[in-house]
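Working notes, structure below.
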Amino acid sequence: MTSPAKRVYEFGPFRLDAASRRLLKDGQAVPLQRKTFETLLALVEQSGQVVEKDELLKRLWPDSFVEESNLMVHISTLRKALGESDGGQKYIETIPKRGYRFTAAVRESSGEEAGAALDSPGQRPRAVRKALAVAVIVAVLVATAITAVYFLRPARPQIKSLAVLPFRSLGQEERGGYLGLGLADALITRLSNLSQIVVRPTGAVTRYDGAQSPLAAGRELGVDAVLDGRLQTSGEHLRLTVQLIRTSDGAAIWAETFDEPFTSIFAVQDSISERVAEALSLRLTGADRERLTRRYTENAEAYQLYLQGRYYWNRRTPDGYRRAIEYFEQAIHRDPNDAPAYAGLADCYALLSWSNAPPVQLMPKAREAAQKALAIDDRLVEARTSLAYIKAWYEWDWPAAETAFKQAIEINPNYATTHQWYALYLCVVGRLDEAAREFKRARELDPVSLIIHLEAAFPLYYARRFDEAIEAFRQTLERDADFATAHEFLALCYEQKDRKEAALREALNAWALAGNTESVAAIEQAYARAGYDGALRKWLEKLNEAGAQGYVSPLAVARIYTSLGDNERAFEWLEKAYEARAGGLPFIAIDPRYDRLRADARFINLVRRLGLEAR
């Protein structure tokens, strides 16, 4: 009896040789990866029978835990290799919820019989003539098929946008959470360097941490494909299962499992990035490939600390920024050339200085960190964008800020934050139409970002189109009713419309969401006793109490005095805000809240000292 390993199976124009592990079509080899060939062999050996999915998984990966998606990829590859995708004969039938069945008629023989049939003297000329005839027929059919496919078959939709979801941890390891988001963040950073595809930023995908339906997440994010992954760690060992899914039809484009020591994580990321680029048929230049596999550290411990920093950074809270700073600093201590860790530090210090700490304390640290990152890699778009932000909101060097923003966009036109912050710059300098276009581009790149959705209404507010701005801010609150900043800007619009009760209600909503519930109750009581002005005076009292405990922006106090019509005290606190370089101060050049001060020479002088023009 012939050993199964020596069997030859023939079906249609195909010949499958188990011994040489080759698939031939009309005598020509059809290239298949090892696992794909083994999948075909398993199906052909049981032709006409249903082969259960579990049976295939155990046969193909006997000692590993592998998800069903890996099997789906090999089945899809086989169907293409056998010509099913070109409208030819169907060889593999899917049996829903069970497995697959090979449906073509299969003729089985031993390898020796097949070889003897061709080598016998009488058969050789006949075989040659037959092969030539078949070759001519096949050539005609192929040419006809190519013509038909080219003119008649609808083109497969090109993948132009991608979301990398946080990797889901299959275990209970403490580092599973930060590692899953950190790996996604690292791949997003790498793939975002490719101009041929738009990659959703990390902030857009964090809400899908632990999502059970990658396909639904991809459709909500408005992308053509999703990279979904699962991870397991055991001591210093790491297993990643990754699949690339097309959102239009749910097809798995590529999938693979990586089972490596944690110290090999850099090579694994290189491999995933390159395989994704190949699966998406991206044409990469040498510079593209270099950026795709660029490593900023080879120190696995430093890298873990960096990932933890990014995990806390993406919480976008003051406490999260402080925790992130600790981890970024530890990463830099272990590897002083870790440019992304410096960029992370710059972002944390810059955003903390907006309202949680004096800018004069933190912005110089942000600038130093951004400059160190750029000294290591002057094309690191995150660091370049942070430096542009610092030049605008701390140094008030508007020409240098615009140059830096434009350079960052030139390096990576698909980084949403650059467009968002550049749009804020354009608002301050009064170029509102350009600002609206930049916000629109930022929203296209990150359509689920609440802060970008909110700020996209700023040009309406600064143009005094308050009814339209109110509608836009309400739309943001429909996405998240607990978004405090949206309530705050809705209050500003109502105040400009002289709807004081509605303005106070929205302002108190914002304060309550920030955790100031006791102060809110006191202000409400003051409103009941003394009206709107009484509520504002109580608010000032609460700000003074908070200032005795920690940092309160002088600009917050100046705004209330302006609303009260107390111009002298308003200018007093605006000067304090200038001395402290308070975050947001340059917006006074265009903000409707300060319209009652614009004719005052002190206001005109202040705006000029900011390097701007009062509008």
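For the chain, the longest principal axis of the Cα atoms and the long axis of helix 554-564 meet at an angle of about 60 degrees. Per-residue ellipticity at 222 nm from helix content only, as computed over the chain with -39500 (n - 2.57) for each DSSP H run of at least four residues, stands at -18500 deg cm²/dmol. For the residues 10, 301, a 1.4 Å probe over the protein chains yields an accessible-area ranking, largest first, of 301, 10. Over 20 Å between Cα atoms: which of 58/97; 365/391; 53/97; 500/538; 25/97 fall into that group? Long pairs (Cα-Cα over 20 Å): 25/97.
Please give the FRET efficiency for residue 537 paired with residue 403, using the beta carbon to beta carbon distance and R0 = 45 Å, rounded to the nearest 0.05. Calculated value: 0.50.
With every protein chain present, what is the per residue accessible area of the stretch 410-549 (1.4 Å probe, Å²)? Let's see the in-between values first.
Values: 6460 Å² over 140 residues.
Roughly 46 Å² per residue, with all protein chains present.
For residue 497, a cut-off of 17 angstrom between C-alpha atoms picks up these aspartates and glutamates, skipping any fewer than 8 places away in its own chain: 467, 468, 471, 488, 506, 533, 591, 595. Residue-wise HN-Hα couplings along the stretch 450-456, as the Karplus relation 6.51 cos²θ - 1.76 cosθ + 1.60 with θ = phi - 60° gives them from phi, are 5, 5, 5, 4, 5, 5, 4 Hz; Gly and Pro carry x. Taking a ≥ b ≥ c as the square roots of the eigenvalues of the alpha carbon gyration tensor, the stretch 349-438 is oblate, as a/c is not under 1.5 and a/b does not beat b/c. Relative to the longest principal axis of the Cα atoms of the chain, the long axis of helix 265-279 makes an angle of roughly 70 degrees. If one takes the longest principal axis of the Cα atoms in the chain, at what angle in degrees, from 0 to 90 and to the nearest 10, does the Cα axis of helix 318-334 lie? Rounded to the nearest ten degrees, it is 60. Length available on full extension from residue 93 to residue 376: 0.36 nm per residue minus the Cα-Cα distance, which gives 96.4 nm.
For the chain, which whole-number percentage of the solvent-accessible area (1.4 Å probe, protein heavy atoms only) is attributable to carbon and sulfur atoms? Exposed carbon and sulfur together represent 49 percent of the surface.
Take the convex hull of the alpha carbons in the stretch 8-68; its mean projected area over all directions comes to 4.6 nm². Pairs of C-alpha atoms in the chain farther apart than 40 Å represent 43 percent of all such pairs. A 1.4 Å probe, protein heavy atoms only, puts the accessible area of residue 533 near 70 Å².
Would you list 72, 363 from the most to the least accessible area, probe 1.4 Å?
72, 363
Database remark: amide H of residue 598 closer than 5 angstrom to no amide H (H placed geometrically; neighbours at sequence offset of 5 or more, or on other chains; Pro and chain starts carry no H).
Each residue was assigned an accessible area with a 1.4 Å probe, and for residue 380 the value is about 10 Å².
Annotation: per residue accessible area for the stretch 284-392 equals 41 Å², rounded to a whole number [probe 1.4 Å, protein chains only]. A Cβ-based charge dipole, computed about the Cα centre of the stretch 220-343 with Lys and Arg at +1 and Asp and Glu at -1, lands at about 320 debye.
For residue 47, the amide hydrogen comes within under 5 Å of no other amide hydrogen, counting only partners 5 or more places away or on other chains and with H modelled in the peptide plane. Highest mean first, the peptides 417-423, 283-289 sorted by other C-beta atoms within 10 Å per residue fall in the order 417-423, 283-289. Label positions at residue 300 and residue 530, each projected 7 Å from the Cα along the C-beta direction, are separated by 6.5 nm.
The values are calculated or read from the model by the stated rules, or taken from the named source; none is laboratory data. Quantities reported herein were computed from a predicted structural model and do not represent experimental measurements. Cβ: placed from backbone, ideal geometry, glycine included. Neighbour counts: every protein chain shown. Side chains are part of the model used for accessible areas, which takes the heavy atoms of the whole protein and leaves out ligands, DNA and RNA. Shrake-Rupley method; radii C 1.70, N 1.55, O 1.52, S 1.80 Å.
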